[in-house]
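Notes follow once the structure below has been shown.
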Amino acid sequence: MGRGISNGLLNNLEAAADGLADNRREGFDLKHKLIDALKSALSVFFFQHPSMLGFQIAMKQKWKRCNLETVMGVKELPSNLQITTLLDGIDPDSLSSVFNKNLHAAEEHKWLSPPLLGDDLYSNYPFCKEALERGYSFIFTCKEDSHPWLAETVESSFPKETSRREWNGRYHLAYAYRRLDGLEIRDNKETIMANYFSLSIWNEEKNKQTFYNS
């Protein structure tokens, strides 16, 4: 059943991509298609790897195939620059039909209790409120610059913190986790309560943070 829902999502994305204009100049390298860039961008939410594209390329070099091909149906793996070039300038509203169709499919399978996943675009009061009213849980990215009050509340509170350290074969990585439950998402009488979670990864050899999300 889960595979069927995933295939439906990709079919809806392909249908929407067919209606998008490819604005690359004539004579430009057209080996990489717009739909491959869209699927590659979407795959970040599936595979959850700090360097998703690099990991997929390494997998293809080792096994002659990768998840982007077998799971997402990508024909040619684009680079980060190619993804940016292909997707830059696309109006997000032009892909709204994909979300609406997938939301309808999720409602049909509500008995599975699937959580909604999304980036900071969906992390706002009206959308979160509607999701809860429809009976869904959700996991949305929450950027600090677009949610300053929430970020300040986290910093002035006492979130639960835990950490771990690992060697990945090349670097020592320190993972830091923070969690705060029952947090109001905005400074307004009309608000909702949500749980906050963040993950940061520190590369000890490079002496810098290589990943952060909340």
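For this structure, a couple of remarks:
Listed here are the residues, each with its yes/no results for (1) touching an Asp or Glu at 6+ places or on another chain (Cβ under 8 Å); (2) surrounded by fewer than 13 Cβ atoms within 10 Å (Cβ to Cβ); (3) modelled with pLDDT of 80 or more.
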position	(1), (2), (3)
Leu53	no, no, no
Ala58	no, yes, no
Val74	yes, no, yes
Pro78	yes, no, yes
Thr84	no, yes, yes
Asp93	no, yes, no
Ser96	no, yes, no
Lys101	no, no, no
His104	no, yes, no
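- Filter result (at pLDDT below 75, surrounded by 10 or more Cβ atoms within 10 Å (Cβ to Cβ) and in contact with a helix residue (DSSP H, G or I) (Cβ under 9 Å, 6 or more places away or on another chain)) within segment 5-19: Ile5, Ser6, Gly8
- Hey, Glu155 modelled with pLDDT of 85 or more, part of a helix (DSSP H, G or I) and either more than 24 Å from Phe45 (Cα to Cα) or in contact with a His (Cβ under 8 Å, 6 or more places away or on another chain) (or both) or not: yes
- Residue selected from segment 119-153 under the condition touching a residue at least 24 places away in the same chain (Cβ under 8 Å) and touching a strand residue (DSSP E or B) at 6+ places or on another chain (Cβ under 6 Å), by the criterion surrounded by the most Cβ atoms within 10 Å (Cβ to Cβ): Ser123
- Test: residue in segment 124-144 that is assigned to a helix (DSSP H, G or I), within 22 Å of Ala37 (Cα to Cα) and modelled with pLDDT of 80 or more: no
- Every pair of residues 6+ apart whose Cβ atoms lie under 8 Å, when the first sits in segment 157-174 and is aliphatic (A, V, I, L, M) while the second is assigned to a loop (DSSP other than H, G, I, E, B): Leu173/Glu204; Ala174/Glu204
- Residue count for segment 72-106, restricted to those that are under 26 Å from Tyr212 (Cα atoms), touching a residue at least 60 places away in the same chain (Cβ under 8 Å) and not in a helix (DSSP H, G or I): 3.
- Number of positions in segment 175-198 that are exposed (fewer than 15 other Cβ atoms within 10 Å of the Cβ), aliphatic (A, V, I, L, M) and in a strand (DSSP E or B): 1
- Count of segment 33-51 residues which are exposed (fewer than 13 other Cβ atoms within 10 Å of the Cβ) and polar (S, T, N, Q): 2
The values are calculated or read from the model by the stated rules, or taken from the named source; none is laboratory data. Given the structure is predicted, the values throughout are model-derived calculations rather than measurements. With ideal geometry, Cβ positions are generated from the backbone for all residues, glycine too; neighbour counts draw on all protein chains shown.
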